[in-house]
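Below is the structure I would like to discuss, written out as structure tokens.
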Amino acid sequence: MDRRQFLLATAATVPALMLGGKVFAAPASSPRFLLVFLRGGYDANNMLVPYSSDFYYESRPSIALAKPDAGNPKAVRALDANWGLTPALAASMGPLWDKRQLAFIPFSGTDDLSRSHFETQDNIEAGEAGDARNYGSGFMGRLSGVLRGSPPIAFTDALPLSFRGAGDIPNISLKGGSKAVFDDRQSKILASMYEGTSLQAAATDGLQLRQQVAQDLQTEMVAASRGAVNARGFAQQGQRMATLMRDRFRLGFVDVGGWDTHVNQGGAEGQLANNLDNLGQGLASFADGLGETEWNNTVVVVVSEFGRTFRENGNKGTDHGHGTTYWVLGGKVNGGRVAGQQVAVNAGSLLQNRDHPVLNNYRDVLGGLLRRTYGLSDKDLATVFPNAKARDLQLV
């Protein structure tokens, strides 16, 4: 056994609020809009599961979620004849789906094919056409400029690109944390298990290599998250966010990190499922915190910079992809459906034999949604999303 083989063999073993800036009073009649940005590129294929596709199960022998089965708590919940919801979201998002207050839009994303966290995140936040990028202006900032009586707030450590160009916008820092894969004590215990055997050198080298690789992956994940609160932190802060947006603010942005699942992603349980569970809890808490009346005047959109590869990789994870699935939630959302343009999920429909294509461009989808939410004119919509072709999916 060489050290890389050993590395692979051992791979599976293993809130304070700060408000700055101005505080505004918001008119009671003004709609709320909250954008939730999942930084790191979440695996939508194990959230909105194409359970009718045999290709899905062929492509994910280790991490696929089971087909609908009332007797199996780890099986997906059928939403229609093709799509199912991960059990990680059953308790939090299931009730919203039942009330038709939640919709999903698969095959969504940008035209950016770089599959780079930073380039694609910036592409979305800037909201401009093609490769154009003005780092002094974001689409949420421009939206704030064309609306009246819709005070903005960012639930982030620093002002995000999305809100740049809109002047003095308050921000709130939601703190989170992480820990190493193996600490020194754990590494010594594992190494001692092979002491005096023919695998001693391979074990020592393998642990050192694994620590280095784990550190590299952790560094990438942290970098991809750009300081965003992790999903567990978001779950704990949902109600506080609701209190502020209910009483003072109408436009909000929050980013949630930790979605870059290259290794040991898991299926119905594990890393991704835990993140989705916490995300769902945070969103449900946000809705509950607003109360029924105010939730009926609120739209929440969940996006990510890109999806993941359709096939799992050799580390039982997924890599950077393209098309993803957006969520749209709210008390008056026309939900209980999977919306937007779709294609059958099979090998022939993959982009570059790798990942989902983007059939629902985010600027067009959000443009159509914001037009209906706020009654934006063509001129105002062109300011927010220059040269976009607003698509009305009748989500509100």
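The values are calculated or read from the model by the stated rules, or taken from the named source; none is laboratory data. Just so you know, these numbers come straight off a predicted model, no measurement behind them. Glycine also receives a Cβ, built like all others from the backbone with ideal geometry; neighbour counts cover every protein chain displayed.
Within segment 357-375, can one find any residue that is over 16 Å from the mean Cα position of the chain (by Cα), among the aliphatic types (A, V, I, L, M) and surrounded by fewer than 20 Cβ atoms within 10 Å (Cβ to Cβ)?
yes
Provide a single number: the residues in segment 309-324 that are surrounded by fewer than 21 Cβ atoms within 10 Å (Cβ to Cβ) and either acidic (Asp, Glu) or not in a loop (DSSP other than H, G, I, E, B) (or both).
Number satisfying all stated conditions: 1.
Okay, next question. Does segment 379-386 contain any residue that is surrounded by fewer than 21 Cβ atoms within 10 Å (Cβ to Cβ) and outside any helix (DSSP H, G or I)?
Yes, segment 379-386 contains at least one residue that is surrounded by fewer than 21 Cβ atoms within 10 Å (Cβ to Cβ) and outside any helix (DSSP H, G or I).
Restricting to segment 296-308, count the residues that are in a loop (DSSP other than H, G, I, E, B) and crowded, with 23+ Cβ neighbours inside 10 Å. I'd like the intermediate steps shown before the answer.
Here is the first cut: in segment 296-308, the ones in a loop (DSSP other than H, G, I, E, B) are 296-297, 305-307.
Now drop any that are not crowded, with 23+ Cβ neighbours inside 10 Å, which leaves 305-307.
Total satisfying the criteria: 3.
Still on this structure, I have one more. Could you list all residues from segment 325-340 that are surrounded by fewer than 18 Cβ atoms within 10 Å (Cβ to Cβ) and in a loop (DSSP other than H, G, I, E, B)?
Result: LYS332, ASN334, GLY336.
Which residues, counting only those in segment 230-263, are part of a strand (DSSP E or B) and either under 12 Å from the mean Cα position of the chain (by Cα) or of a type in the set (Phe, Trp, Tyr) (or both)? Walk me through it before giving the result.
Taking segment 230-263 first, the residues part of a strand (DSSP E or B) are 230, 251-257.
ASN230, PHE253, VAL254, ASP255, VAL256, GLY257 - these are the residues of segment 230-263 that are part of a strand (DSSP E or B) and either under 12 Å from the mean Cα position of the chain (by Cα) or of a type in the set (Phe, Trp, Tyr) (or both).
So if I check each of VAL343, VAL396, which one is surrounded by fewer than 23 Cβ atoms within 10 Å (Cβ to Cβ), on the phi < 0 side of the Ramachandran plot and modelled with pLDDT under 95? First the steps, then the outcome.
Numbers: VAL343 fails: modelled with pLDDT under 95.
Checking each option against the conditions leaves just VAL396.
Here is a yes/no grid of residues against (1) under 27 Å from ARG371 (Cα atoms); (2) under 16 Å from the mean Cα position of the chain (by Cα); (3) of a type in the set (Gly, Ala, Ser); (4) part of a loop (DSSP other than H, G, I, E, B):
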| residue | (1), (2), (3), (4) |
| --- | --- |
| LEU96 | yes, no, no, no |
| GLY136 | yes, no, yes, yes |
| SER144 | yes, no, yes, no |
| ILE153 | yes, no, no, no |
| ALA158 | no, no, yes, yes |
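Here is a list of conditions, (1) surrounded by fewer than 21 Cβ atoms within 10 Å (Cβ to Cβ); (2) in contact with a helix residue (DSSP H, G or I) (Cβ under 7 Å, 6 or more places away or on another chain), and ASP54 meets all of them except one; can you say which number that is?
Answer for ASP54: the failing condition is (2).
Failed condition for ASP288, given (1) within 29 Å of LEU161 (Cβ to Cβ); (2) of a type in the set (D, E, K, R); (3) in a helix (DSSP H, G or I), with all others met?
For ASP288, the failing item is (1).
Within segment 133-149, can one find any residue that is at pLDDT below 85, over 22 Å from ASP319 (Cα atoms) and in contact with a Gly (Cβ under 6 Å, 6 or more places away or on another chain)? Give the derivation first.
First pass over segment 133-149, keeping only residues at pLDDT below 85: 133-136, 148-149.
Keeping just the survivors that are over 22 Å from ASP319 (Cα atoms) gives 133-136, 148-149.
Restricting the remaining residues to those that are in contact with a Gly (Cβ under 6 Å, 6 or more places away or on another chain) gives 136.
The answer is yes; a qualifying residue exists.
Check THR298 against each of (1) among the polar types (S, T, N, Q); (2) in contact with a Lys or Arg (Cβ under 9 Å, 6 or more places away or on another chain); (3) farther than 22 Å from LEU34 by Cα and name the one condition it does not meet.
Against the list (1) among the polar types (S, T, N, Q); (2) in contact with a Lys or Arg (Cβ under 9 Å, 6 or more places away or on another chain); (3) farther than 22 Å from LEU34 by Cα, THR298 comes up short only on (3).
Which numbered condition trips up GLN265, out of (1) touching a helix residue (DSSP H, G or I) at 6+ places or on another chain (Cβ under 6 Å); (2) under 25 Å from THR86 (Cβ atoms); (3) modelled with pLDDT under 95?
In the conditions (1) touching a helix residue (DSSP H, G or I) at 6+ places or on another chain (Cβ under 6 Å); (2) under 25 Å from THR86 (Cβ atoms); (3) modelled with pLDDT under 95, GLN265 misses (3) alone.
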